[in-house]
1. Could you give the angle, 0 to 90 degrees to the nearest 10, between helix C:120-134's Cα long axis and the longest principal axis of the Cα atoms of chain C?
2. Hey, what's the stretch C:60-215 come to in accessible area per residue, 1.4 Å probe, Å²?
3. Taking accessible area as the heavy-atom solvent-accessible surface of the protein chains with a 1.4 Å probe, which residues of the stretch C:211-227 lose no less than 10 Å² upon going from the isolated chain to the full protein assembly?
4. Output wanted: per-residue J couplings in Hz (rounded whole) for the stretch A:28-43, from phi through Karplus 6.51 cos²θ - 1.76 cosθ + 1.60, θ = phi - 60°, x for Gly and Pro.
5. Using amide H atoms built in the peptide plane, which far-off residues or other-chain residues are under 5 Å from A:LYS11 H to H?
6. Taking Cα centroids, how far is the stretch B:142-162 from the stretch B:210-251 in Å?
7. Show me you know the interface measure: the accessible area buried between C and B, both chains summed, probe 1.4 Å, in Å² to the nearest 100.
8. Please list the non-local residues whose amide H lies under 5 Å from the amide H of A:ALA154, H modeled 1.01 Å from N, same-chain partners needing a gap of 5 or more.
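The values are calculated or read from the model by the stated rules, or taken from the named source; none is laboratory data. Since this is a predicted model, take the numbers as computed values, not measurements. Positions of Cβ are backbone-derived with ideal geometry, glycine not excepted, and every protein chain shown enters the neighbour counts. In case anyone asks, the SASA skips ligands and DNA or RNA and just uses the protein heavy atoms, side chains included. Shrake-Rupley method; radii C 1.70, N 1.55, O 1.52, S 1.80 Å.
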Amino acid sequence: MGNITLKQITKSFGDVQVIPPLDLEINEGEFVVFVGPSGCGKSTLMRLIAGLEDVTSGSIEIDGRNATETSPAKRGLAMVFQSYALYPHMSVRKNIAFPLRMAGMSKEEQNAKVEAAASVLNLTDYLERRPGQLSGGQRQRVAIGRAIVREPAAFLFDEPLSNLDAALRVGMRMEISELHKKLATTMIYVTHDQVEAMTMADKIVVLQAGNIEQVGGPLELYHRPRNTFVAGFIGSPKMNLFSGEEATKLGGDTVGIRPEHLNVSTESGMWKGRVGVSEHLGSDTFLHVHDTGLTDLITVRVSGEMAVHHGDTIYLSPDMDKLHRFGADGLRLA
Amino acid sequence: MSTQHSRTAARFMIAPATVLLLGWMLIPLCMTLYYSFRRYRLLTPDRTGWVGFRNYENFLTNPAFMDALTNTLALVLGVLIITVVLGVLLAILLDQPMFGQGIVRILVIAPFFVMPTVSALVWKNMFMNPVNGLFAYAAKAVGLQPYDFLSQAPLLSIIGIVSWQWLPFATLILLTAIQSLDSEQMEAAEMDGASPLSRFWFITLPHLSRAITVVILIQTIFLLSIFAEILVTTNGGPGTASTNLTYLVYAESLLNYDVGEGSAGGVIAIILANIVAIFLMRMIGKNLDA
Amino acid sequence: MARAVTQKRKLIATLAAWTIGMAIFFPILWTIITSFKTEAEAIADPPSLFWFDWTLENYNVVNERSNYPLHFMNSVIISLGSTLLGLIIAVPAAWSMAFVPGKRTKDVLMWMLSTKMLPPVGVLIPIYLISRDLGVLDSRLALVVILTLINLPIIVWMLYTYFKEIPGEILEAARMDGATLKSEILYVLTPMAVPGIASTVLLNIILAWNEAFWTLNLTAAKSAPLTAFIASYSSPEGLFYAKLSAASTMAIAPILIMGWFSQKQLVRGLTFGAVK
């Protein structure tokens, strides 16, 4: 249960094609993250899978059955919305029980399932409250609870953490990952935050303008980005990308090097530059280096503290085996 | 939500309202336009025929028309000035911290819920009547001659009555607008050294400008069509002293039984109202985007 | 504004506001008081505010000797009828415009609003003639239909602004949860829309109850609602202030009470959502 196959699906709004023909295979039990900048079509893609939007052409198969024309309710999927979309006039208990009630389940069964879900999600004490009386994190859990009780073939999460503050976000990230391990059900998760994608996913789908730029595991994307877009999008701080004479010398039209793969020296190195802002995080230091002749700004990550000042001259040398080389078409060379 | 199925259903659900309103607007409008070019008197319904613009000529050259036009303008402008100025002041007062704010609010908005015929009759008989009215008693009590409001100053009296009815509307909307003013903005202005008067002038009033515009436009739509108050108090008189456009059209068509000329007057009233309507629609349309 | 207000300032504001409030309310208060006087006391010189023999006589007279109950019922039927009819037409329209907006939704809304700008006097004659020819002059049916139509834009607009505030994601969630269109409307949409619908109904009843152009022009004796009935007091015979006051009090009381409950919604409804 939980195989989803998209075959040549497209979506157009009027004359504008937001999803060009696209194929994707999601395997049972996988945690798949759709990631990309806003407006890249990731939410639309999820809504197509959910059935909240009609596909313009192509087909969607869920567990081997063609579900392209199936109504959202009958696809056996559960969705957690960005705004949580809790029913404000119902108690937490009624919210969680709603899909069961719609399925015509008996009151006792409903209650048993709701209690079980509530204990998993630490909501037992809040069952009689209204959503308006809950905190953001609790609402989030109610929304997840409402999805769990249906025992769906797959869960769909539409940017579920974007309304939470930073601290809660890290906690909920863990809880959702934990939940995935426990339930072993397919989960599809949409986010624009590549950190969420990297930390949670089994498989990341990077989207841009409706196109799939790359599909792969987090480390695969990190180590072997297929093109310059993925290279620039995955990783924090961003990979330094430069082209021109220096790039040609290194064997690519565009060459990339991650901030953590640059070595810093105050005496000598491959490239000379001037230190601009430095961000001290304690564990690491991020240096913004200018006037290297590569691009306007090169970011360098140095482990621990480093005593350099604004305006100092430093030298940078890349780990040669960590260079990423891209051709004129932006695709990775070799 | 936007699947093909739901879009089709949506069209079906809008259809009844659209069709009905379209019929309601178009059919009578075309008929009014048609009659306005016809000779049609209810007393001599057999003599009909096309008369070109003669109905318009007659209506526009009727001395009552100029009176009605100026009266309409005076009525609209008078009530607007009174209700907006007093409304702003009253709204600011009601926004102050006080005891029993809720009750005062209820008292102030009450006149808006009184049906026009009742308020007109109450004012006409129990307040403005030169013999038994309360104003007459008050005048006599301080040794003055009672004043016959509705025959000496019919239009002003009607302006007074209508203002009493619409002041609550203006106050309520302006009060709602004032309460949406960010108090931090006021505090920032205070920190910047603005006096209460300049705070009112530079912060409160600009903040209210939108609400004031809405009040003016909506009241204008209603005030152009004032009818019951005139019918009940003065019947448009004495002479045409308190006849407005709406009342004149009514009198032409249902009292003088001249449908043709009445229709011409109706068309003119529509044109005037449309000029106001265009501004109002722009305002609300802009808001729809926000 | 978390700030200490001096007690003196608060007292001054209270005094000023109460004085003005009472002055504005006074005509209504005076009408109510007069309705409990005898006709002689009603025009007594000097007038008395409270110190007279309170009597319910006028209410009895108005109820028994005139057709007051008939006209009251006319008002009830016309305002409730037109509101209900309007709701039946407007709810589906507002629902679909709020949740399935199309390219032309905004234009349709603006156009509906524009019909409200049509001055009634511009279409008085055709409506009068059509009603006469259909034989529905002085009938409650004609008024129900006409008041439905003149208030329909307001109903659609008010419902639209209320429905618009219901997040679309909630309805999508319901569909994901397996709700059919019927249960979506029954369990999710309706409970969330009820407050909005209630205030729309309230405002519309008020507007229909007080409508005084069509009711005056299209009714005579049989179907006249209270607006038209009260207007017949404008050519009085004899002493009648107390009875006029009693009839007026009964005519405005229900709406006054309703109106007080719907102050907030009133602003939104009458400004088509331009001021909230």
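1. Approximately 90 degrees, to the nearest 10.
2. That works out to 36 Å² per residue.
3. Residues shielded by partner chains are C:ALA212, C:PHE213, C:LEU216, C:ASN217, C:THR227.
4. Rounded to whole hertz, the list is 4, x, 6, 9, 10, 10, 8, 10, x, x, 5, x, 8, x, 5, 5.
5. A:VAL18, A:ILE19, A:THR56
6. One Cα centre to the other: 18 Å.
7. 9200
8. Residues meeting the amide H criterion: A:ALA78.
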